[in-house]
Structure formats: C-alpha cells, structure tokens
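Below is one structure; the comments refer to it alone.
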Amino acid sequence: MPFSRILRAILMAVLPVLMPAGVVRAEEGVTADSVTFAQVAVLDGPAAALGQGMKAGIEAAFGEANASGGVHGRRVLLESQDDGYEPDRSVRAVKAVLARNDAIALIGAVGTATSTAAQPVAAQAQVPFIGPLTGAGALREPGRGNVFNLRASYAAETEAWVAYLVDDLGLSEIGVLYQDDGFGRSGLDGVTRALAERGKAPVAQGSYIRNTTAVKTALLTLRKARPQAVVMVGASKPVAEFVRLCRMLEFTPTFVAISFGGDGLVADLGPEGEGLIVSQVVPYPGDRSLPLVARYQAALAAHAPGVDPGFVSLEGYMVGRLALTALQAAGRDLSRAALQSALEGLRLVDLDGLSLTFGPDDNQGMDQVFLTRAGPDGQLHPLATGAETEAAESETGGDNG
C-alpha cells in the first residue's frame, strides 16, 4: 500500500479522537445532536424587514421545538445569510452553503428574482428549498421537485384584489404599479388575467426599478389616467413612497398592495396609510382566538424577544413548523434524501387547526388569501369581502333579504 494511503488511513482513524469534545463535523447539516437549516435572504437594506421577519418566525418555531427536546433528540438550528435582495448575491450565497455542506436544506428565502435564481442551484445539488416568501408561478410548476411552498400564489392574491374591487365594490378603472422584475411582472400578469376574465383591462401601468424608490415617473403615468383604484406589486419602501406622493398630490384612488412587505408598508406610512388594503396569505397575527396564532405569539415572545407579532413572522413560524413536521416524518436516520422523501410524502399538515395540503402535483400548502385594511391607528385589520360574507351567511343560515 502506498505510504500516502497509509497516512490518510491513520489520520482518518485518529483525528476524531484528537478533536476537542463536542466538535463534530456536520455532514449535510446533521450531527448526532443537531440539524441545521440555512436561510439565504435579504437581511439588510430597503427590504430587510422581510428577511428579518421570516428569520424571527422560523427561529420561534425551532426554539419552541428545542424547548421540548428537539426532533428525534436533535436541536434544530438556523443559519442566516444576507443576499441583499439581489439574485446574483443569492446564487453566490447558496453555492457557498452547498460547498460547506453544513445545512440539510434551504428555508425562508425572500423574493421572486432571488428565489427563482437560487432554486435551480439547490435543485442540482438535491437540496430541499422550503417556504420561500414569494408567490411566483414559476416555483409552482411541475418539475420543481425540491420546492415546498407554504403561501398562496400571486395569481391567487391578484384574483382576490380584482374580485373585491370589481365584483364587490363595482369599480372598473384599475391602474397597476409594479416592480420591474419577475416579481412585479408576475403580479401585473395576474391582475391583467383577472381583469380580462371580467372583460376589462388595466387603464394604466407604471413601474420602478428593484431596490430603489424611484416611483415618480410611474406616479405621473398613473395619475394622468385617473384610475379608481391602483393595485401595487412591490416592496414596502417604494410602495410607501408612491402612496405618500399620491397623497401630497391629492391623487387618492383606492390603494391595494400585495402581501410582500405589507407589515413594513403600513409601518412606514403610519397615519398616511389609512384605508390602504393589503392582501395576506396567513391569518391575522393578532387573532388569539385562533390556536395557531396563540401558539405563535407565545413562541415569538419566548424565542424572538423584542419582535412584535406580524404577518411576515407568522409566515416564517408556519414555514418553520412545516420543516419540523417533515423532520419528524423523516425519522432519526436523517439525511437530505430522507428529508426530501418526507417532504414529498406530506399530504395534510395540521397547524393547530389550519390545514396545509400537498399532493403529487401540488407543492403549495395554502390557497387562502385574506384581505386587510389599514385603520386610523396605523394598524392592519381584517376586511370582510363579499365572498367571505356569503360564505359566512351560508354556514350560519343567515339571510339579509
């Protein structure tokens, strides 16, 4: 046997003995007493609240599990890294995670452009991609076998907007503000389709560049058309700037914003946001009558102190719970392949009364969209739509006429 092979065999035998106690290399993020997930998301800059909110929610879910002994005796950990909300940085960060081989899966990504850029890299390495904060249709297509979505699609959100504005309120002239990237164009396409199904089309549209607040040109275009409502597909900072400038110019259509960044948007606007409608893909995070929300609030207080309840961190908490369910199903003999198989086998996941449903051709757990409206207190409150009112009346036998 060559000397080099003999030396390597000796080193492989003695190194584990020489390593300090408790130091164990994590292959695929798994050790005897821990399992690590990696989050690559925006943690700094204009959209930072989204990544930070997802991080807080996931950590609350993992902390809750760890307080009860972890999953199959392993503590569940999260390592987070900033991608600046830029696709190139996201890809580089994901490649670095994969090169280190120290995470079992990617979780809690934020954004359409970043997620659609990073997901194929993860797929090539056969790494699960769990709970990205995006409703992009591309991540819900057949062939995205490593993607497991929690939230409803942007198509569902935009349909809910148009149903409320056109069917419930009787408005017919709708303008669109959108971020000029895959995220914004996905929302624009959804609005256009929903209006077309009702024999209508947007009366005007304006866009802005991602990671900027340069919305003045879009504002002038939309203001000229004088729409009855403007629906907005963008991050919180530029959308807040748009609404603020509209108020200054006394241009006051009904404003409707997408779930992406809704918490930050209302916080930025304060009293100027009154009347703003925001679609949501998770229940109202202040409704403690829901067992899921009560448990989330307790976990957040215990494991993410200083973080106020909000829609984004609730989504992160639910994504964390989804990952924990899959870990439990994967068993003690854990690997990426075992976790992937467990995720693929999920059909009905009960989150304290709220059901996630998956199937062989359905990688999206939820379809529900909830509308909220900003009140004079600067907070979002549930908004009943015509469809919800009809459903409630049907369930209770109510009759108003």
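Read-outs: derived from the displayed coordinates by stated rules, not from any lab. This is a predicted model, so every value here is computed, not measured. Cβ coordinates were reconstructed from backbone atoms using ideal geometry, including for glycine residues, and neighbour counts include every protein chain displayed.
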Distant-in-sequence amide H partners of Q39 (H built 1.01 Å from N, under 5 Å): E79, S80, Q81, I107
Unit charges on C-beta of K, R, D, E only; dipole of the chain, Debye: 1420
Furthest towards positive pole of dipole, T112, N101, A49, structure part the range 48-112, Cβ charges: N101
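Restricting to lysines 8 or more places apart or on different chains, can you count the pairs in the chain with Cα atoms under 24 Å from each other? Don't skip to the end; give the middle numbers.
Details: K55/K95; K55/K237; K200/K224; K216/K224; K216/K237; K224/K237.
Taking the chain as the scope, the lysine pair count is 6.
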Amide H contacts under 5 Å for G206, placed H, 5+ residues apart: V176, L177, Y178
Rounded to the nearest 5, what % of DSSP beta bridges with both residues in the chain are antiparallel? 35
Enumerate the whole-percent occupancy of each 10 Å bin, from 0 to the last occupied one, for all C-alpha pair distances of the range 27-153. 14, 46, 34, 7
Charge dipole (debye, nearest 20) of the range 62-192; +1 at Cβ of Lys and Arg, -1 at Cβ of Asp and Glu: 800
Please give me the summed charge of the neighbours of A337: other residues whose Cβ is under 11 Å from its Cβ, Lys and Arg +1, Asp and Glu -1. -2
Expected max-MSF residue from P128, P202, P376 in the GNM of the chain (alpha carbon, under 10 Å) is P376
Run through the range 261-355 and list the trypsin sites (Lys or Arg not before Pro) located in a DSSP loop whose Cβ has at most 11 other Cβ atoms within 10 Å. R332, R347
Place a label point 7 angstrom from the Cα of R332 along the Cα-to-Cβ direction, then list the residues of the range 29-55 whose backbone nitrogen is under 15 Å away. 31-34
Which far-off residues, 5 or more places away or on another chain, put their amide H under 5 Å from the one on V110, with H placed in the peptide plane? V42, L133
Can you tell which of A118, A41, A32 shows the greatest fluctuation in a Gaussian network model of the chain with Cα springs below 10 Å? A32
Given the C-alpha atoms of the chain, compute the convex hull and give its volume per residue in Å³. 160
Note down the magnitude of the dipole of the range 226-290 about its Cα centre, charges +1 on Lys and Arg C-beta and -1 on Asp and Glu C-beta and zero elsewhere, to the nearest 20 debye. 120
Computed E for A384/A201 - FRET, C-beta separation, R0 22 angstrom, nearest 0.05: 0.20
How compact is the range 126-208 by the rule of thumb for globular proteins, expressed as Cα Rg over 2.2 N^0.38 Å? 1.23
Tabulate in residue order the Karplus-calculated ³J(HN,Hα) for the range 132-140, using 6.51 cos²θ - 1.76 cosθ + 1.60 with θ = phi - 60°, rounded to whole Hz; enter x for Gly and Pro. x, 7, 7, x, 4, x, 4, 8, 10
Using Cα springs under 10 Å in a Gaussian network model of the chain, which residue among L265, L245, L276 shows the largest mean-square fluctuation? L245
Hey, how many Å between the Cα centroid of the range 93-159 and the Cα centroid of the range 187-257? 28
When the charge dipole of the range 277-369 is computed with +1 at the Cβ of Lys and Arg and -1 at the Cβ of Asp and Glu, the Cα pointing farthest to the positive end, of L351, A298, V278, is that of A298
When the chain is fully extended, how far beyond the present Cα-Cα distance does T221 get from S355, taking 0.36 nm per residue of separation? 44.0 nm
Between the modelled labels at E79 and D308 (7 Å from Cα along Cα→Cβ) the distance in nm is 3.4
Using each residue's phi in the range 126-131, evaluate 6.51 cos²θ - 1.76 cosθ + 1.60 at θ = phi - 60° and report the 3J(HN,Hα) Karplus result to the nearest Hz, with x for Gly and Pro. 6, 10, x, 10, 9, x
